Amino acid sequence: MWEKLLREIVSSHRGRITGIILGLFVSILIINYGFFKAAFIMLCIGLGYFLGKRLDNNKEDIAEILDRILPPDDR
């Protein structure tokens, strides 16, 4: 009974629950590390998500993506 109720609540309020969890995570980061360190951590997480999504969608190699973002050194 409780599982069915919990599934219904989660499925109908997925965005709100995700926002609450994300807000809790950010607030814990800021309290423990300060604003700028927390912002850096969130930036790294976002960059990791972006690169991972590109790898999943395009089936590209990480080296190809990094070569486009950071051109190779031509010394």
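No lab work stands behind these numbers, since they all come straight from the coordinates. Only a predicted model underlies this, so the values are computations on that prediction, with no experimental measurement involved. Backbone-built Cβ (ideal geometry, glycine too); neighbour counts: all protein chains shown.
Numbers at a glance
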item	result
Estimated vicinal HN-Hα couplings, Hz - the stretch 49-57 in sequence order (Karplus 6.51, -1.76, 1.60; Gly, Pro = x)	5, 4, 5, x, 5, 4, 5, 5, 6
Distance-filtered residues of the stretch 4-44 - backbone nitrogen under 17 Å, label point 7 angstrom along residue 68 Cα→Cβ	none
Residue 40 paired with residue 7, simple spin-label distance in nm, labels 7 Å along Cα-to-beta-carbon	4.4 nm
